[in-house]
Each structure stands twice: as structure tokens, then as C-alpha cells.
Amino acid sequence: RSYEYILVSRPEPAVVLVTLNRPKSLNALSSPLFAELNQALEEADKDDSVSAMVLTGSEKAFAAGADIKEMKDKQYADVYKNKFLEDWGKINQLRKPLIAAVSGYALGGGCELALMCDIILASPTAKFGQPEINLGVIPGGGGSQRLIHAIGKSRTMELVLTGRMFSAQEASQWGMVSRVVGEGEGEVVKEAITMAKEIASKSQIAVQAGKEVVNAAYEMTLAEGLRFERRIFHGLFATNDQKEGMAAFAEKRKANFTHS
Ligand code: HXC
């Protein structure tokens, strides 16, 4: 399938790489771009031969936000009735892990898109921010809520109210990104693909279960979350991959997971 605003490739047999490709607008996230992104990710998620996905942009911009030119003349009645940006939520329905490889600008909706991913790796060139306040609005793609969980209230409040950008280094110190990779063009995508390949060597069922329980922590109390985790853990004893993984350990050989 060919897309207009994204590129989709298979850098590894079990890894799909989606590259935002609207360079003239610094990957501004227009509605047509987001529709393509959702379609590509949903397809990868459904494909049994795919185990993990990587999302990236260009060296200059992961994404400079929602498309301001598309938004600027919209009225409340339009955005409310037509559920403007509601399809951004589809990213959260994905079962398989999605890794963001961020270089350059990740602003507004671009920062929020990175935060919707399961893991973020940053290039030293990454510049994050929620500059919506400069446009007379606020984050609308989950930025305020997800940043709180990632970096705490005071920093979130500062960033949302001043709109200032923050560096890869800051994002890493604050725990918003897993780590800052080495310098060098393409390094962050390479690292993300290596990580995706590593995840792809595991049981897809166990990986999916791991993602599900980690995400549950956002919505449950500790007691509920612990019970949920234990039940999902118990459930994995019904899989061939649990038998294979534990047998392989006992026999001192590498596990050969069949995702069943
Ligand atoms: C539409 C955008 C854009 C955006 C950049 N462009 N960001 N178009 N929407 N979000 C376009 C510019 O208009 C310009 O087009 C081209 O991309 C290159 O951008 P420049 O500004 O010339 O580049 P530069 O001087 O290098 O500055 C880079 C920048 C700046 C600092 C990232 O572009 C910028 O501030 N962009 C806006 C960032 C922002 O406010 N994002 C939040 C959006 S609101 P032309 O045609 O002039 O060459 C948002 C809300 C999300 O995301 C809520 C719901 C999810």
C-alpha cells in the first residue's frame, strides 16, 4: 500500500517502521496524515508476522504539532460535532509495542504523539514542548495528563503554562524518555529498531500481556493493579510459550516461541 504522508517499511522481518513524511511542514499532523498513521499502525497490529512497531520523523522534526493551518479557522460547533482529533485515541488501542524514535522538534501534538507511544528514545537533537499556550489554547492530545504521570506536576505546569521547549537531556533526567542515544544521523532510529527486534524475539503473547499490565497502572489503584497483574500472570500458564520458555531455561537452550 502506498501512502502520501508516511513511509512504511520492514527493517527487520518482525518490525514495522513508520516514518512521518511531510517534510515541508515539519511533519505537522494534519487529519489526512493521522488517518494514514492509524491505518498503517492498525494493519501492523493485526499482522501476525509483526511483533513491534517503531515510529519516527525526520532529523529536523519528529512532528511540529497538529496542523495549525488546518485548525485556525475551525469553530467550536465543528470541532465538537465532528469529534476533531478524536481518532488520535486509536493509538492507545494497539496491542503490540510502539517505540517512538524522536529527533528534532516534538512539539504540541508531536510531543503528545511521542507520549502515546510505549517507549520513547531520544536523539540529543530532540526538542520537546507543549507550546499550545502561545496559540491561545492548551494541549488537546493528552499532553497535560500524560506529562503529569511522566514528569510530575510542577514541571508539567511550567511547561504547559510557559510553552517553553525542553531538551532531550531534561526529558531523560525527568524520566519521560528511556534514554538519549549517541549522536549521529539515524542513530535513534537504529537503536529503536534494535530494541524492537529484541522485543520481537520474545513471546508475542507475553509482550502483549506485559504492555497491558503496565498500562493498567495508569487507571487502577495499586491493589487492583496488583490483582490484575497476578491474574494475567496466572493466565500465561495456559500458553505454549510459557511451557517452551521455562523448558528452554531448564534445558539450557534458547527458547523458540511460537506465539501460541
Ligand atoms: C502547520 C507548520 C507547523 C504546524 C511548522 N509548520 N509547524 N504548519 N502546523 N504545527 C510549517 C511552517 O508554517 C513552515 O511552512 C514550515 O513548516 C517550516 O517551519 P518554520 O517555522 O519556517 O521552521 P523554523 O523556523 O525552523 O521553526 C521551527 C518551529 C516552528 C520552531 C518548529 O515551525 C514552530 O514553532 N512551529 C509550530 C509549533 C507549534 O506551535 N506546535 C503546536 C501546534 S498546536 P511554510 O509554508 O511557511 O514554509 C498542537 C495542538 C495539539 O499541536 C492538540 C491536539 C492533539
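The values are calculated or read from the model by the stated rules, or taken from the named source; none is laboratory data. Because the structure is a prediction, the values reported are computed rather than measured. A quick note on method: Cβ atoms are made from the backbone with ideal geometry, for glycine too, and the neighbour counts reach across all protein chains shown. Accessible surface is based on the protein model in full, side chains and every heavy atom, while ligands, DNA and RNA are left aside. Shrake-Rupley method; radii C 1.70, N 1.55, O 1.52, S 1.80 Å.
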Response to the item:
Answer check: the stretch 150-260, Cα atoms, Kirkwood Rh, Rg/Rh ratio of 1.09
Worksheet item: Taking Cα pairs under 8 Å and at least six residues apart, what relative contact order does the chain come out at, in percent?
Response: 17
Fill in: 1.4 Å probe accessible area per residue over the chain, in Å²
54
Worksheet entry | Residues in the stretch 1-42 reached by a label modelled at Asp87 [backbone nitrogen below 17 Å; 7 Å Cα→Cβ] | 2-7, 20-22, 28-42
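For the stretch 43-189, what % of the accessible area comes from carbon and sulfur atoms, probe 1.4 Å?
It is 51 percent, rounded to a whole number.
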Item to complete: Holding the Cα-Cα limit at 31 Å, pick out from Lys74/Lys96; Lys96/Lys190; Lys90/Lys153; Lys81/Lys211; Lys83/Lys197; Lys72/Lys153 the pairs that are longer than that.
Response: Lys74/Lys96; Lys81/Lys211; Lys83/Lys197
Discussion item. What figure, in Å² to the nearest 10, do you get for the accessible area of Tyr5 with a 1.4 Å probe and non-protein molecules left out?
Written reply: 50
Response to the item:
Taking every other residue with Cβ under 14 Å from the Cβ of Leu94 and scoring Lys and Arg +1, Asp and Glu -1, one gets -2
Discussion item. If you average the C-alpha positions of the stretch 19-35 and of the stretch 105-176 separately, how far apart do those two centres end up, in angstrom?
Written reply: 19
Discussion item. Using only the heavy atoms of the protein chains and a 1.4 Å probe, how would Thr125, Thr239 rank by accessible area, largest first?
Written reply: Thr125, Thr239
Practice prompt. Please label the shape of the stretch 1-96 as rounded, prolate or oblate, based on the square roots a ≥ b ≥ c of the eigenvalues of the alpha-carbon gyration tensor (a/c under 1.5 means rounded; beyond that, a/b larger than b/c means prolate, else oblate).
Written response: oblate
Practice prompt. Compare the Cα positions of Leu94, Ser31, Met53 along the charge dipole of the stretch 1-151 (+1 at Cβ of Lys, Arg; -1 at Cβ of Asp, Glu; about the Cα centre) and return the one farthest towards the positive end.
Written response: Ser31
Worksheet entry | Within-9-Å neighbourhood charge of Ser203 [Cβ basis; K, R +1; D, E -1] | -1
Worksheet entry | Nearest-10 value in Å² for the accessible area of Leu226, using the 1.4 Å probe | 90
Fill in: Net charge dipole size for the stretch 152-260 [Lys, Arg +1 and Asp, Glu -1 on Cβ; Debye, nearest 20]
360
Worksheet item: If you wrap a convex hull around the Cα atoms of the stretch 77-158, how much volume per residue is inside, in Å³?
Response: 107
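Just need the relative contact order of the stretch 125-184 here, percent rounded to a whole number, with Cα pairs under 8 Å and 6+ apart.
Over the stretch 125-184, the number comes to 44 percent.
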Response to the item:
So, relative contact order of the stretch 25-77 in percent, Cα under 8 Å, 6 or more apart, is 58
Practice prompt. Using a cut-off of under 15 Å, list every residue of the stretch 86-130 whose amide N is near the label point 7 Å from the Cα of Ser31 along the Cα-to-beta-carbon line.
Written response: 86-89
Worksheet entry | Label point distance in nm, Arg10-Ser49, each placed 7 Å from Cα along Cα→Cβ | 0.3
Worksheet item: Give me the log10 of I(q) over I(0) for the chain at q = 0.14 Å⁻¹, as the Debye formula computes it from C-alpha points; what are the numbers?
Response: -1.00
Worksheet item: Label points 7 Å out from Cα along the Cβ direction at His234 and Ala248: separation in nm?
Response: 2.7
